[in-house]
Amino acid sequence: MKPFILLALFLLSNSCDQKEDITLLENNQNEETILEQQLLGPNEIMLQIKILGTTETNKEICGSQKEHIFAVEVVDILESGSSITNKPSKEQKLDVVFLFDPGQLGNGITLEAKAKESLCSDATITYFTVIGHKILE
């Protein structure tokens, strides 16, 4: 009989402990913040860009055919990783390659984009590949 009473008291004392629940909630919030603020890898940059247009057909960049190329204007540079060779400036217009089909992006849409800089074979020209984006406007 004594073990059942001790077991009941143990279960009641643990079920009323809300400190552990609060700690778990704080840990989940911290993990979400860390995911949002992940460090950029080498040759990666976070940009706010505005879509100016798209190419209807495949375009050649650095001697190879690329799909999903958009003409964009850099609105703002949010973060920059290490080893960026040709860092774009505000209001600069450039062509970027989307790694995946970005869907129906029209002219004038503003995006927050994570892009990776790639060097061409001659190492004097670079281009950016958007590896993730979020539509802002």
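The values are calculated or read from the model by the stated rules, or taken from the named source; none is laboratory data. Quick caveat, the model's predicted, so the values are computed rather than measured. For neighbour counting, all protein chains shown are included, and Cβ atoms are generated from backbone atoms with ideal geometry for every residue, glycine included. Keep in mind that these areas ignore ligands, DNA and RNA; they rest on the heavy atoms of the full protein, side chains included. Shrake-Rupley method; radii C 1.70, N 1.55, O 1.52, S 1.80 Å.
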key: For peptides 66-79, 84-97, sequence by mean Cβ density within 10 Å, most packed first   = 66-79, 84-97
key: Among the listed pairs Lys66/Lys116; Lys59/Lys90; Lys50/Lys87; Lys93/Lys114; Lys87/Lys134, those beyond 19 Å (Cα-Cα)   = Lys59/Lys90; Lys87/Lys134
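How would you classify the stretch 58-137 from its alpha-carbon gyration tensor, with a ≥ b ≥ c the square roots of the eigenvalues: rounded for a/c under 1.5, else prolate if a/b is greater than b/c, otherwise oblate? Kindly include the intermediate steps, with their values, before the conclusion.
Values: a/c = 1.81, a/b = 1.18, b/c = 1.53.
Cα axes put the stretch 58-137 in the oblate bin.
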query = How much length is gained on full extension from Glu91 to Ile5, taking 0.36 nm per residue of separation minus their Cα-Cα distance?
reply = 23.7 nm
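What's the carbon and sulfur percent of the stretch 37-128's accessible surface, probe 1.4 angstrom, rounded to a whole number? Before the final figure, lay out each step's value.
Details: 2450 of 5360 Å².
About 46 percent, which is the carbon plus sulfur part of the accessible surface.
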